[in-house]
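Only one structure is covered here, and it is reproduced in the block below.
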Amino acid sequence: MDPQPPMTPPEKGPEALSFEEFSVYTPENGPRYMNFSLFFVDSWTGETYRKRECYKKFAAENPTLATLLFEKVKHRDMSKGFDEAIRPFTKDFYEAYKIMCKYVASPSDPFA
């Protein structure tokens, strides 16, 4: 009987940041995920972000979450300023981030 070569695990995306790393907040910079939230902004910046492959795959596979985040960000309370207005959505952003991490080379890519 010929020995079989060891099976290699399937490739996966990069290791996602922990929730704590993802949600770091500093008064001078706001939340670490500030740029990530731009995927869900109803503006030309958001349109540009949504053209990226990681978002296209995310939205195709998770249309409910993509729509939910887009609607939450669209109807945020801007009287607080952008970074404060999006803080209630941190956990939802993190769920989307973990999914998008599967489609990028580096866990920081969705932030760029």
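Just so it is clear, none of the values below were taken in a lab; they were calculated from the coordinates. Note that the structure is predicted; figures quoted are calculated from it, not measured. Every residue, glycine as well, gets a Cβ built from its backbone with ideal geometry; the counts of neighbours run over all protein chains shown.
Of note:
- Applying 1/(1 + (r/R0)^6) with R0 = 30 Å to the Cβ-Cβ distance of Lys91 and Lys51 gives a FRET efficiency near 0.70.
- Placing unit charges on each Cβ (+1 for Lys and Arg, -1 for Asp and Glu) gives the chain a dipole about its Cα centre, and among Val73, Ser23, Ile86 the Cα reaching farthest toward its positive end belongs to Val73.
- When you restrict to C-alpha pairs under 8 Å that are six or more residues apart and normalise by the size of the chain, the relative contact order lands at 37 percent.
- Estimated [θ] at 222 nm from DSSP helical runs (n ≥ 4, -39500 (n - 2.57)) normalised by residues in the chain, nearest 500: -11000 deg cm²/dmol
- 3J(HN,Hα) from dihedral phi, the range 69-77, Karplus parametrisation 6.51/-1.76/1.60, rounded to Hz, x for glycine, proline: 5, 4, 5, 4, 5, 4, 9, 5, 8
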